[in-house]
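Okay, structure first, notes after.
Values quoted throughout were computed directly from the atomic coordinates according to the rules given, and no laboratory measurement underlies them. Every value quoted in this text rests on a predicted model; they were computed, and no experiment measured them. Ideal geometry is used to build each Cβ from the backbone, glycine not excepted, and the neighbour counts take in all protein chains shown.
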Amino acid sequence: MNFKDLSTLQIALGASVIVHAALLAVRFVDPESFNRVFSETLAPRFDSRALRFTDPDGLRLEVTNYRAERRQRHDEWEEK
């Protein structure tokens, strides 16, 4: 079978299978790194406009715009 004979759908399905197989392999070979990379991206906590990640030392960091809403949440954090 020649590559040119494949339809776009077949190529997309093949690429999807390859990507998913690679992700599963990484998940089983190094589960800590897999969880570190994907844990913060799946469930945003407070602000959907924030970028959350874990640095190589294991510290969880959040990068966000310091808007008035965020400032108010910061100022009232201990009161609740």
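Values for this structure:
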quantity: Simple label model, 7 Å out from Cα along Cβ direction - ARG71 to ALA50, nm; calculated: 1.8
quantity: Under the Karplus curve 6.51 cos²θ - 1.76 cosθ + 1.60, θ = phi - 60°, whole-Hz ³J(HN,Hα) for the stretch 71-76, x wherever Gly or Pro sits; calculated: 4, 5, 4, 5, 5, 9
